[in-house]
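Asks: My questions will all concern the structure given below.
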Amino acid sequence: MSKLLELDHVTKLYPVGGLFSRQSIKAVNDVSFSLDADKPEIFAIVGESGSGKSTMAKMMLGNEVPNSGRLVFDGTDISTIRNRSQREAFMARVQPVFQNPFEAFNPLTRVDAYLFGTAHRFAGANNQAEKERVCDEALQRVGLSMAEIKGRFSHELSGGQLQRVAVARALIPSPKLIVADEPVSMVDASLRMSIVNLFRSLRDELKVSIIYITHDLATAYYISDRVIIMQKGVVIESGDARAVLDNPTHPYSIALKNAVLPPDPRAASAAIRLRSAAAAG
Amino acid sequence: MFKVLRDLLRYNREFLFGSLLIAIILAVVVASYFAPYDEMMTYAVIPDMPPGSEYWLGTNSRGQDMFWQLAASMRNTLIFGIVVALISRVIAIAVGLISGYVGGKTDQAIMAFNDTLGALPNIPILLLLVFVLRDQMTWPVLALTAALLGWTHDSRLIRSVALSLRTREFTRHAAFSGMRTTQILLREHLPYVMPIVFFTTMNNLIWAIGLEVTLSILGFSDINRPTIGGMIYWANAHSAMVAGIWWWIAVPMVAVVMLFIGLFLLAMSVNEYIDPRSRLARMGA
Amino acid sequence: MTEVLDFKPAVTQAQDVLTIRDLKAYYVNDMFGVRREVRAVDGISLTVRRNEVYGIAGESSSGKTSLIKTLAGAIRPPMRVVDGSVNFSFGDTHIDVYAEPEKMKAARWQNLSYIMQGSMSVLNPVRRIKHAFNDFAFRHMGLDRRAFRQRVESHLQKLGLDPNVLEAFPHQLSGGMRQRVTIALATVCEPEFIIADEPTTALDVLVQQDVLGLLKEVQARLGSSVVFVTHDMSVHAAITDRLAIMYAGRLAEEGPTQAMFDNPQHPYTAHLIASLPRIGDVSTRKSLAGKPPSLANPPSGCRFHPRCPIAIDRCSKEVPEMLPSAIGGRVACFRAGEVAVK
Ligand SMILES: Nc1ncnc2c1ncn2[C@@H]1O[C@H](COP(=O)(O)OP(=O)(O)OP(=O)(O)O)[C@@H](O)[C@H]1O
Ligand SMILES: Nc1ncnc2c1ncn2[C@@H]1O[C@H](COP(=O)(O)OP(=O)(O)OP(=O)(O)O)[C@@H](O)[C@H]1O
Ligand code: SF4
Ligand SMILES: [Mg+2]
Ligand SMILES: [Mg+2]
């Protein structure tokens with residue numbers, strides 16, 4: 001059985017402190033898992049802030065090299081990808097959606113430049129009409145259209161619109177794997193469901209696997225097939241998403257699950273008060 | 001663009017004053033093309049005439065009209081400065097952006113070379129070259145040499161900004177959008193280093209002009225070709241101060257000071273305009 | 001909390017700190033000879049009282065950020081305030097934001113602080129975090145350097161951040177850490193009026209609770225007012241006292257949070273509340289049918305009518321007014337109260 005993506009005891013260190021200290025923190029500590037090539041799935045990574053989720057995403061995208069361990073995408077070790085043609089072949093099959101849409105778009109570049117660039121390089125669109133057609137198609141999937149986006153700068157769009165543009169852009173090359181780092185944190189519940197439902201249909205119809213990094217346990221529960229829960233760089237729990245989230249066993253996972261705010265004012269404000277009281281006392 | 005210029009002129013005093021100074025200098029430079037006689041020619045007019053209605057800036061002991069001398073010198077000196085600044089800008093931007101973007105070991109190697117080159121003393125190197133090359137030392141060669149010596153400090157500044165841009169998410173996003181490295185550097189990163197580039201261009205221009213003036217005053221350049229430094233060289237050679245022909249010294253001095261102040265003011269005000277933060281603010285971000 | 005309170009006069013009666021009257025703010029773009037007007041805030045009136053957390057909810061691009069920008073006086077071209085007024089009153093100081101911009105400038109950071117959406121925009125990527133604190137907060141606190149540093153550190157700790165982050169550059173922090181740094185920046189001066197735009201969206205649930213707890217605590221201790229914008233209804237449930245729902249640049253409904261969750265009067269509110277996913281429930285959640293409305297060319301009549309499940313003829317022709325609702329708030333709907341949740 002061939003693997004689409006395999007992480008083999010991956011560890012990433014970052015130096016901390018001043019110029020002269022040799023200390024480092026383990027942003028990602030000995031993580032292993034794999035995705036099957038024949039069985040597209042939505043694989044959720046959840047965990048607290050600073051637990052190394054984005055660092056994992058960077059390594060999967062080849063933007064960071066692990067200090068030890070290997071990441072293998074479809075038979076090639078990602079860290080051995082060096083020259084441009086290899087890198088472009090890799091990018092045509094693995095695409096990212098970044099955490100903060102306000103950061104992911106250069107404020108001085110028009111938003112459509114990212115779309116046209118992708119359409120040109122990875123979808124073979126050569127003339128302007130062709131590019132616009134390809135991009136419009138992708139934008140339609142996320143409930144936008146070329147007419148709304150064309151010529152705009154990132155600050156002229158709302159957070160949710162930007163994030164949808166980012167998702168649409170990642171769809172253009174028809175990748176095998178999408179690494180989505182908190183793709184829905186900026187969008188409202190209704191849109192959130194539509195993006196998440198879109199991921200599901202990508203998996204089912206286009207056979208795309210999705211690494212879905214999120215804080216939102218509710219949507220993780222809702223769409224993912226498998227989940228890992230991370231704390232301080234370590235995977236503390238993993239397995240079938242529903243099973244893990246229904247019955248977490250690690251104390252941290254339990255705390256995380258209990259901390260999901262109930263959608264009811266009385267219960268939710270009580271939860272906040274309880275936690276503040278616990279923190280103070 | 002026109003609107004921007006108008007606003008700058010209207011609201012920015014530095015810009016207004018700076019452009020006035022530079023405009024005067026440019027007018028003089030343009031005038032040089034309409035000189036009534038060849039700028040190399042000597043004894044074309046009555047020597048040693050003080051400034052007056054006939055000869056605005058007087059004439060020198062070599063029988064040259066100071067106004068036309070100044071015009072030709074200003075042109076030559078400015079061209080020299082601009083050529084040096086342009087060549088060294090291209091090198092500084094390329095080295096700075098690439099070094100910062102690539103990072104890691106390559107970056108360290110480039111910066112080590114950069115710092116070594118930067119630590120070499122400029123004037124002695126140029127003097128050495130002048131002695132070695134002698135007659136082959138034309139002004140383009142001198143400009144090229146100066147340019148090769150004058151980029152190191154600025155490339156380091158540019159690199160420090162490029163290093164921080166490298167880690168920004170939009171850089172990665174651009175790469176995954178199929179933008180090639182050169183495109184990323186030129187389209188995404190260059191605007192962020194533009195303020196530094198402009199500011200250092202001004203510094204570099206002043207440095208290059210200063211270099212030219214120094215070498216010429218010492219007589220280490222083609223002394224027949226009129227330059228600001230060359231004017232002072234000839235004035236000294238004829239003991240102009242002793243002879244009471246003060247305007248021979250004063251004219252190039254005042255001109256060079258005007259040029260420096262004008263450049264400085266322009267750079268300051270344009271810098272404010274070109275800074276990405278204020279630019280974004282104007283765009284309404 | 002054992003800390004000694006700063007001396008601030010206790011104000012007990014509900015007093016309006018912020019009054020917005022019929023505010024209209026458009027983005028006006030002249031591009032290639034085509035004039036495009038995005039009516040992001042289109043006739044909104046509301047008041048925020050002292051000592052309350054006022055929530056603003058609504059879907060993406062409904063104009064939430066635009067609304068807060070106008071009320072913080074942080075507008076720049078192409079945005080234009082076309083009509084209406086925004087008034088603050090801090091104690092004896094009354095500020096008409098658009099008539100007296102200098103007064104507003106003075107009030108920034110001292111009386112009022114604004115946590116912007118997309119936290120990176122306030123943090124300079126090439127300077128260490130500590131410089132941001134020095135730049136923004138030091139002048140207003142009247143402490144000496146050491147005491148200031150201590151105050152900042154203890155404040156960061158309350159937000160679950162190691163004081164070492166002060167020495168870090170923004171890119172060395174995770175998204176959530178950066179978000180918390182900006183919250184710390186905005187609250188360290190303990191302002192009377194806090195405006196927060198999506199301050200908790202990049203945070204995990206545990207930290208989110210801490211941050212909400214801290215905001216609530218600062219607010220309650222100082223009796224200050226918070227305008228809290230997020231699309232996350234469970235966050236609204238947790239900390240807001242009153243809630244306003246925006247749709248396409250207008251208010252759809254406003255009222256006491258609890259009552260609105262129990263008994264939403266507007267069909268859009270009802271939809272927002274019903275669409276919240278819950279753990280243990282995998283039934284397909286539908287997003288609202290139809291496209292989000294265009295603010296450049298909004299639908300006629302009630303802007304919600306193309307997507308409203310209970311729309312009637314009248315809805316596409318007449319604009320419903322904001323009228324008092326059955327649950328002690330206001331609502332703009334011809335069939336208010338005809339939807340019950342579940
Ligand atoms: N370039 C860097 N240099 C030093 N430390 C870093 C760097 N990037 C990340 N870190 C550290 O690594 C840890 C993990 O960061 P990461 O961004 O992966 O977290 P995360 O799980 O994505 O958090 P969040 O949910 O808040 O985005 C953090 O402690 C962070 O400070
Ligand atoms: N500078 C601008 N020029 C033109 N249109 C703009 C500009 N800024 C925002 N808009 C438009 O105004 C509308 C409202 O945007 P706003 O940022 O207020 O939405 P929001 O409710 O905060 O959404 P989100 O939850 O996604 O952040 C959007 O349609 C957006 O495209
Ligand atoms: S006014 Fe009509 S269209 Fe608008 S929300 Fe009420 S019922 Fe729906
Ligand atoms: Mg992250
Ligand atoms: Mg917003």
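No value in this document is a laboratory result; all are computed from the given coordinates. For clarity, every value in this text was computed on a predicted model and none was experimentally measured. Please note: Cβ atoms are built from the backbone with ideal geometry, for glycine as well, and neighbour counts cover all protein chains shown.
Asks: Using the alpha-carbon centroid of each, what span in Å lies between segment B:220-273 and segment B:150-167?
Replies: Here the two parts' Cα centres lie 33 Å apart.
Asks: Still on this structure, I have one more. Tell me which GluC sites (Glu not before Pro) from segment B:8-107 have a DSSP coil assignment and no more than 14 other beta carbons within 10 Å of their own.
Replies: Passing sites in segment B:8-107 are B:Glu54.
Asks: Using the structure shown, list the pairs from C:Lys64/C:Lys105; C:Lys64/C:Lys216; A:Lys176/A:Lys232; A:Lys58/C:Lys130; C:Lys64/C:Lys103; A:Lys150/C:Lys216 with a Cα-Cα distance above 31 Å, or answer none.
Replies: A:Lys150/C:Lys216
Asks: Placing +1 on the Cβ of each Lys and Arg and -1 on the Cβ of each Asp and Glu in the protein assembly as shown, which of A:Thr109, B:Val141, A:Ala168 has its Cα farthest towards the positive end of the resulting dipole?
Replies: Farthest towards the positive pole: A:Ala168.
Asks: Could you pull out every residue, at least 5 positions away or on a different chain, whose amide H is within less than 5 Å of the one on C:Ile195? Hs are placed 1.01 Å off N in the peptide plane, and Pro or chain starts have none.
Replies: Close amide H contacts, sequence-distant or interchain: C:Ser113, C:Tyr114, C:Ile115, C:Val227.
Asks: Per the helix-only calculation at 222 nm, which mean residue ellipticity applies to chain C, given -39500 (n - 2.57) for every DSSP H run of n ≥ 4 and division by its residues, nearest 500 deg cm²/dmol?
Replies: Helix-only estimate at 222 nm: -8000 deg cm²/dmol.
Asks: In whole angstrom, how far apart do the alpha carbon centroids of segment C:90-167 and segment B:77-130 sit?
Replies: 41
Asks: Right, here's the next one. I'd like the orientation of helix A:111-122 relative to chain A: the angle between its Cα long axis and the longest Cα principal axis, in ° from 0 to 90, rounded to 10.
Replies: 70
Asks: Determine the shielding of peptide C:254-263 by partner chains: average, over its residues, the number of Cβ atoms on other chains within 10 angstrom of each Cβ.
Replies: Counting other chains' Cβ atoms within 10 Å and averaging over C:254-263 gives 2.
Asks: Just for the protein assembly as shown, what percent of DSSP beta bridges are antiparallel, to the closest 5?
Replies: Beta bridges within the protein assembly as shown, antiparallel portion: roughly 60 percent.
Asks: Pop out the ³J(HN,Hα) list for segment C:243-255 in order, Karplus 6.51 cos²θ - 1.76 cosθ + 1.60 with θ = phi - 60°, rounded to Hz; leave Gly and Pro as x.
Replies: Ordered by residue, 3J(HN,Hα) equals 9, 10, 10, 9, 9, 6, x, 10, 7, 9, 7, 9, x Hz.
Asks: Looking at segment B:4-66, which chymotrypsin sites (Phe, Trp or Tyr not before Pro) are in a loop (DSSP not H, G, I, E or B) and have at most 16 other Cβ atoms within 10 Å?
Replies: B:Tyr37, B:Tyr43, B:Trp56
Asks: What value, in deg cm²/dmol to 500, does the helix sum -39500 (n - 2.57) over DSSP H runs of n ≥ 4 give at 222 nm once divided by the residues of chain A?
Replies: -12000 deg cm²/dmol
Asks: When the Karplus curve 6.51 cos²θ - 1.76 cosθ + 1.60 is applied with θ = phi - 60°, which whole-Hz ³J(HN,Hα) does each residue of segment B:230-238 get, with x for Gly and Pro?
Replies: Residue by residue, segment B:230-238 yields x, 4, 5, 4, 5, 4, 5, 4, 9 Hz.
Asks: I want the antiparallel fraction of DSSP beta bridges within chain C, as a percent rounded to 5.
Replies: Looking only at bridges with both residues in chain C, the antiparallel portion is about 65 percent.
Asks: Between A:Arg70 and C:Glu338, what is the spin-label point distance in nm, taking each point 7 Å from the Cα along the Cα→C-beta axis?
Replies: Taking the two extended label points, one gets 6.6 nm.
Asks: Got a sec to turn the phi values of segment A:72-78 into Karplus ³J(HN,Hα) couplings, 6.51 cos²θ - 1.76 cosθ + 1.60 with θ = phi - 60°, whole Hz, x for Gly and Pro?
Replies: Along segment A:72-78, the couplings run 10, 10, 6, x, 10, 5, 4 Hz.
Asks: Taking H placed 1.01 Å from N in the peptide plane, check which residues at least 5 places from C:Val82 or on another chain put their amide H under 5 Å from its amide H.
Replies: Amide H neighbours of C:Val82: C:Lys24, C:Ala25, C:Tyr26.
Asks: Amide H of C:Ser45: which non-local residues (sequence gap of 5 or more, or other chain) have their own amide H closer than 5 Å, using H built in the peptide plane?
Replies: Excluding prolines and chain starts, which carry no amide H, the hits are C:Asp22, C:Leu23.
Asks: Using a 10 angstrom cutoff on alpha carbons, build the Gaussian network for chain C and name the most mobile of C:Ala25, C:Ala311, C:Ala184.
Replies: Its mean-square fluctuation being the largest, the pick is C:Ala311.
Asks: When DSSP assigns beta bridges and you keep just the ones with both residues in chain A, what percent turn out antiparallel, to the nearest 5?
Replies: Just about 55 percent of them are antiparallel.
Asks: For segment A:82-182, state which trypsin sites (Lys or Arg not before Pro) are in a DSSP loop and have at most 11 other beta carbons lying within 10 Å of their beta carbon.
Replies: A:Arg82
Asks: While we're looking at this one, here's another question. Among B:Met41, A:Met230, which comes first, then next, by fewest other beta-carbon atoms within 10 Å?
Replies: B:Met41, A:Met230
Asks: Pairing the Cα long axis of helix A:189-201 with the longest principal axis of chain A, what angle in degrees results, from 0 to 90 and rounded to the nearest 10?
Replies: Tilt of helix A:189-201: around 70 degrees.
Asks: Between segment A:259-280 and segment A:151-199, how many Å separate their Cα centres?
Replies: One Cα centre to the other: 30 Å.
Asks: Something else about it: To the nearest 20 Debye, how big is the dipole of segment A:3-280 about its Cα centre, given +1 on the beta carbon of each Lys and Arg and -1 on that of each Asp and Glu?
Replies: Here the size comes out at about 480 debye.
Asks: Something else about it: Relative contact order of segment C:36-122: what whole-number percent is it, with Cα pairs under 8 angstrom and at least 6 residues apart?
Replies: Answer for segment C:36-122 is 19 percent.
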